[in-house]
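Please read the structure below before turning to the comments.
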Amino acid sequence: MKNNPWHKEWLYAVLIFIVALVSGLLTSLWLLSFLLWALVYILWKWVELHQFLKWYKEGADIEKTPLNHGVWQEFASLVIHNKRNNKKIEKKNQYLLSQFNAMAQAMPYATVLLNKRFEIIWANQSAQSILNIVKEKDNGKKIDNLIREPDFVRLLGDDLQQEEIKIQHPNDLHKRIIIKLVKLSNKRYLLVARDISEQDALRQSRKAFVDNASHELRTPLTVITGYLEMMNSANDIPKSWLPAINQAQQQSLRMEKIINDMLKLSSIEHEKYMENSHEVIDMPTLLNRLFNDVRHSSIAKTHHFEANIDSSLKINGDENEVISICLNLLNNAVIHTKRDTKVSLRWFSKDDKAHLWVCDNGQGIDVKHLPHLSERFYRVDNSRDKNTTSTGLGLAIVKQICDNHDAILEIESEMGKGTCFRVSFSII
């Protein structure tokens, strides 16, 4: 209360009143005296207001603060205080901005800031090598005038749900880049791009190796399988040899399945695999057919089945690969569980997603294995006399197909209560 500027202002007003009163007593011109001193007070405050406004409009230089009293002195103090705070904030923001700029320039990814008309506002140095965008030269230009790939132009016209696309490098047809466009606000977009040429080359090299290795293995395996079949059907083979021959024949068949699964996994990992696959899949018809096929198969005679399928729910994707997901999950539920296990299939929509659930009430899987189930050749039971029909690649194939379809695979299990595999697809 002691520093309240209005108290000072009232004090000045009281002093003016006392002076006017004394003048009235001395001159006996009461009205004129009060009017005169009131005018003096008003002119005084008007001059202070004029000086304050002039000082404020000229930038409120702290060194040129006008000599004011009362309320205007307090206003000047507040302006000076706010200006000092703003300088501190501006200095801090400049530091943060310089740090962000240094970090963005050092990023190996191309980073471009766009306005609502998709005109370039800012770009880092990596944008030049990856997208052929030079900040000094291309600022203000529309991004689709520099990147004319049809898929990219189409992306700009979509709802921009943070989608990623893969296009050819603007300057090198042997290179490919992946682009993500993120909507920051109604007036700003962030474009991030990275060169995936090395990953492409590595993927191609790995695919070539798997294809060549599988081809080289398939030829001797065919010969071995043929001789084993001939020995198994021969009448002059000692009976003591038959168990070993049968086991070798089973393992040769399993090896053939492994080779086929390796080739399939290599195929679905290929970069161009899902690029043009947008067919509508009639999932209710497909699931009913696959469910009945598995239920009536020889390996499922001792299991119990139930299904709950939404008859109107369809998705986009590659039908052959969705079939692989369904068959792998249904067969796994049969192969890896004991007699009288109940296997359930559910197909339904929830939260704008299409959900495929394959669950069983079998022995369950220890929680330590769950993060590794979709790894290649990972098997919970590594004994040689169990699960000889499993290749260890089924769930790896499921996971890769899910990635290709932007679907999510989740596995939940509890020992003694069973296992549930859940796949969530986007609804068309």
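The table that follows gives values for the structure above.
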| quantity | calculated |
| --- | --- |
| Residue satisfying condition, being surrounded by fewer than 18 Cβ atoms within 10 Å (Cβ to Cβ) and out of contact with any strand residue (DSSP E or B) (no Cβ under 6 Å at 6 or more places or on another chain), within set Leu327, Leu265, Leu370 | Leu327 |
| Restricting the range 159-171 to residues that are among the acidic types (Asp, Glu) and within 14 Å of Leu191 (Cβ to Cβ), the residue that is modelled with the highest pLDDT | Glu164 |
| Test for Ala104: is it touching a strand residue (DSSP E or B) at 6+ places or on another chain (Cβ under 7 Å), in a helix (DSSP H, G or I) and under 11 Å from Leu191 (Cβ atoms) | no |
| Every pair of residues 6+ apart whose Cβ atoms lie under 6 Å, when the first sits in the range 222-247 and is at negative phi while the second is in a loop (DSSP other than H, G, I, E, B) | Met231/Ile237 |
| Asp261 vs. criteria on the phi > 0 side of the Ramachandran plot and outside the structural domain of Asp151 (by TED's automatic domain parsing) | no |
| Of all residues making up the range 394-412, the number that are surrounded by 22 or more Cβ atoms within 10 Å (Cβ to Cβ) and in a strand (DSSP E or B) | 0 |
| Among residues of the range 378-428, those that are modelled with pLDDT of 80 or more and at positive phi, counted | 3 |
| Members of the range 185-228 found to be among the charged types (D, E, K, R), surrounded by 14 or more Cβ atoms within 10 Å (Cβ to Cβ) and over 30 Å from Thr111 (Cα atoms), listed by number | Lys207, Asp211, Arg218 |
| Condition check for Arg339: in a strand (DSSP E or B), in the same structural domain as Ala407 (by TED's automatic domain parsing) and not aliphatic (A, V, I, L, M) | no |
| Filter result for the condition that a residue is within 24 Å of the chain's Cα centre (by Cα), among the aliphatic types (A, V, I, L, M) and more than 28 Å from Ile268 (Cα to Cα), over Leu156, Leu228, Leu181, Leu202 | Leu156 |
| Cβ pairs under 8 Å, 6+ apart, first in the range 191-212 and assigned to a helix (DSSP H, G or I), second among the basic types (Lys, Arg) | Ser197/Lys175; Ser197/Arg176; Asp200/Arg176 |
| Gly362 being crowded, with 19+ Cβ neighbours inside 10 Å, of a type in the set (Gly, Ala, Ser) and either free of Cβ contacts under 8 Å to residues at least 12 places away in the same chain or at positive phi (or both) | no |
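The values are calculated or read from the model by the stated rules, or taken from the named source; none is laboratory data. Everything numeric here is computed off the predicted structure, so don't read it as measured data. Cβ atoms come from the backbone with ideal geometry, glycine included; neighbour counts cover every protein chain shown.
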